[in-house]
Amino acid sequence: MRWKGRRQSDNIEDRRGAGGGGLRFPFPGRGGKMPASKRVRGGGIGIGGLIIILIVSYVLGINPLELLGGGTGGGGGFATQQNPPRAPVRQSGQEKELSAMVGVVLADTEDVWNALFKSLGKRYDEPRLVLFSGAVRSACGFAKSAMGPFYCPGDHKVYIDLAFYREMRTRFKAPGDFAQAYVIAHEVGHHVQTLLGISARVQRAKKNASKRQANALQVRMELQADCFAGIWAHHADKTKNILERGDIEEALNAARAIGDDALQKRSQGYVVPDSFTHGSSAQRMRWFKTGLDTGRVRACDTFGAARL
């Protein structure tokens, strides 16, 4: 993929080195406050305890008042705070290159979706992308790297630990910079769904659905995000000539490797289609290719499609 020397997005938030998952310290509950059983009781706290709390709150990137039981949490999700300033992250040469590539891909998605939303008479609110290592706290909760990259509609942010790309290369046998770009474009696709109101409609439908029906709806959500990733590739190549020989094969190979059937065969030796939440390898490849070939949002109507 041709990406070097081009604009990098300013919407990057680097939280690497924060150590979000390594400390054995009570973590705030879903309302943003420490559970009552874990709060500091009594009239005060010693200077030693205060220092520990300040250190932990700095490392976790949260308000120290939350650890003291004085947070302003609300219902349903984690309260979001600005992270304190951190020292520059030490990166290897490979990490620097990956970080730069991620910035360029995010910038490309901004250009593509800004133009497409404008053509639809809408405004595109650009998401932020959070780089983290090990674990991270988002408006959607506390997540570890093992979950893989994800998008949180609560704060309009994409989260990724760059170590996932090593997993793609070694564990899933899906190497290549365009395969890596596909992952980012897929998560940005979920942001597009949020802005278009698709995500909210699906969540409402899932509330009254059986487990099997809810899984089926989620599959259509994920396949549409794959299709939106294809739309990004279509327009980015049309305007910036990003594709090189073998790039499409890299993305399709990645889609094949992370299909539900492929993952289930690898982990348990058999496939349970009713438990799919992202779609089969063939489906993921097909819908990415649909977006790539057409470049049209309407072509990505997975919810109205008779055949996935």
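A short reminder: the numbers here are calculations on the coordinates, not readings from a lab. If you're wondering where the values come from, they're calculated on a predicted model, not measured in any experiment. All Cβ positions, glycine included, derive from the backbone under ideal geometry; neighbour counts span all protein chains shown.
Tabulated results
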quantity: Neighbourhood net charge (12 Å Cβ-Cβ; Lys/Arg +1, Asp/Glu -1) for Ala163; calculated: +2
quantity: Residue order, fewest to most beta carbons within 10 Å, for Phe288, Phe117, Phe276; calculated: Phe117, Phe276, Phe288
quantity: Unsatisfied cross-links (Cα-Cα over 19 Å) in the set Lys173/Lys265; Lys122/Lys207; Lys4/Lys238; Lys4/Lys240; Lys238/Lys289; Lys122/Lys289; calculated: Lys122/Lys207; Lys122/Lys289
quantity: Ascending count of other beta-carbon atoms within 10 Å, so fewest first, for Met101, Met147, Met1; calculated: Met147, Met101, Met1
quantity: Estimated distance in nm for a label pair at Ser210 and Arg166, the labels positioned 7 Å out from Cα along Cα-to-Cβ; calculated: 4.4 nm
quantity: For the range 105-116, Karplus couplings with θ = phi - 60° (6.51, -1.76, 1.60), whole Hz, Gly/Pro x; calculated: 4, 4, 4, 5, 5, 4, 4, 5, 6, 4, 5, 5
quantity: Contour excess over end-to-end distance, with Cα ends at Arg245 and Lys118 and 0.36 nm allotted per residue; calculated: 42.6 nm
quantity: Sorted peptide list for 293-300, 157-164, criterion being average Cβ within 10 angstrom, highest first; calculated: 157-164, 293-300
quantity: Positive minus negative residues near Gln8 (Lys, Arg vs Asp, Glu; Cβ under 14 Å); calculated: -2
quantity: Under the Karplus curve 6.51 cos²θ - 1.76 cosθ + 1.60, θ = phi - 60°, whole-Hz ³J(HN,Hα) for the range 143-153, x wherever Gly or Pro sits; calculated: 10, 9, 4, 4, 6, x, x, 8, 10, 10, x
